[in-house]
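Only one structure is covered here, and it is reproduced in the block below.
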Amino acid sequence: MPGLFIQRQAEALTPFCDVAVIYVHPDPDCPNSYEVDFSEENQVRVLRVYFRTVNMRYPFFGRILNLFRFYRANMKAIRSIRQFSPEIVHAHVLTRMGFIGWRISWKNKIPLVISEHWSRYFPENNAYQKGLHHWITKFLVKKSSALILVSATLKFAMEELGIHHPKTFVIPNVVDLDNFSSRADILHEKRKSIIHVSCFEEKSKNIAQFLRTLHSLSLTRQDFICILVGEGPDHTKLQEYADELGIKDTFVNFTGLKTGPELAELMHNADFLVLSSRYETFATVVVEALAYGIPVVATRVGIVPEVINESNGRIVPPGDEQAMTLAIDRMLDECREYDRERIKASVEQKFTKEVIGKQIVDIYKGILSHNH
């Protein structure tokens, strides 16, 4: 799952260029120091290298050794595809992979492109460290020929930390919309169906506040049910909280993880989706909901300001419980008045593999033509 967006982007490039992917992953149960696995997936050559991590009496030395093994695993992967002669190296997610990308770029005298997807730059996340780490990040960005970010929100957050590049491009994630279709029929159920899909990680997703919003609404109206889809570290705790509020199994149902046809059916039957996050780099589920033709109530995070407008939903400030309550209350009254086909049309041509792949390749071409 953590590499899904990068996988889709690599596949989007295959009509335009020859692509090879190196992916290195720590594995404490790796039977050898290193294990190499090669495959070809959707026209992309994929080289996975697993390395055995170590636990030492002194954690600092353990981290240093594991970093060294991570570096060696990447070098081993590069040597394994010697017959592949890239014109560009594209590193995803700073800082370690940015360093590996810079190393390949420097050694082979080819341009480096960096894509960033991480949410650590948002002040609400409180995960970004200044000092040496900040210096290395700025150094790698400076050494790159272009910086690609998945949303304008992420671009602003990085610039606030002093991380910027004269050639910065905002290119969204690929969202596979091929199998999405909106319902043409009008839903006749008396209770409106709200859907929320997330990884149930409270720090970023802010689900507890969303549950309090639903509890407040249940005191004045009973014409809705909310389906919460997903699993994650705080799933059990949030179920218990919903039970304490007295809304579990009455106004709120937890389905666990749903994918494929099961998730599609839940989306089809929903009247609208709610995203309650404190921060997001992108928020793919918002685009997916719009592709199903259902309106969205979302906090102003990630891609939301770029895709949500009065014709397909409502935007509220992150963390504003009162604003979220009012927005959902109003959406419950108006959700069946939206034009589902118009909602679907608002996103269906913006996030395809063809569109995103061409945007990235145009950046490659610009860099290569300038270097030549």
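The condition (being of a type outside the set (A, V, I, L, M, F, W, C), out of contact with any Leu (no Cβ under 8 Å at 6 or more places or on another chain) and surrounded by 16 or more Cβ atoms within 10 Å (Cβ to Cβ)) is satisfied by just one residue among ARG45, ARG72: ARG45. Among the numbered conditions (1) more than 18 Å from ASP176 (Cα to Cα); (2) at pLDDT below 95; (3) not β-branched (Val, Ile, Thr), the only one that LEU263 does not meet is (1). Of all residues in the range 78-103, which are of a type in the set (A, V, I, L, M), surrounded by 16 or more Cβ atoms within 10 Å (Cβ to Cβ) and more than 26 Å from the chain's Cα centre (by Cα)? The answer is ILE78, and nothing else. Among the residues of the range 131-166, those identified as over 23 Å from the mean Cα position of the chain (by Cα) and charged (D, E, K, R) are LYS142, LYS143. Taken over the range 209-247, the criterion of being among the hydroxyl-bearing types (Ser, Thr, Tyr) and either surrounded by fewer than 17 Cβ atoms within 10 Å (Cβ to Cβ) or touching a residue at least 60 places away in the same chain (Cβ under 8 Å) (or both) is satisfied by THR213, SER216, THR220, THR236. Restricting attention to the range 315-372, the residues being in contact (Cβ under 8 Å) with a residue 12 or more places away in the chain, in a helix (DSSP H, G or I) and polar (S, T, N, Q) number 3. Selection of the range 151-181 for residues being in contact (Cβ under 8 Å) with a residue 40 or more places away in the chain, hydrophobic (A, V, I, L, M, F, W, C) and not in a helix (DSSP H, G or I) yields LEU161, ILE163, PHE169, ILE171, VAL174, VAL175, LEU177, PHE180. Among the residues of the range 245-260, just one is farther than 22 Å from PRO233 by Cβ and under 21 Å from the mean Cα position of the chain (by Cα), namely GLY260. When you look at ARG8, is it outside the structural domain of LYS258 (by TED's automatic domain parsing) and farther than 21 Å from VAL361 by Cβ, yes or no? Against the criterion (outside the structural domain of LYS258 (by TED's automatic domain parsing) and farther than 21 Å from VAL361 by Cβ), ARG8 does not qualify. ARG340 falls short of the stated requirement of being surrounded by fewer than 16 Cβ atoms within 10 Å (Cβ to Cβ) and over 21 Å from the mean Cα position of the chain (by Cα).
The values are calculated or read from the model by the stated rules, or taken from the named source; none is laboratory data. Just so it is clear, the model here is predicted, and its values are computed rather than measured. Neighbour counts run over all protein chains shown; Cβ positions are idealised from the backbone, glycine included.
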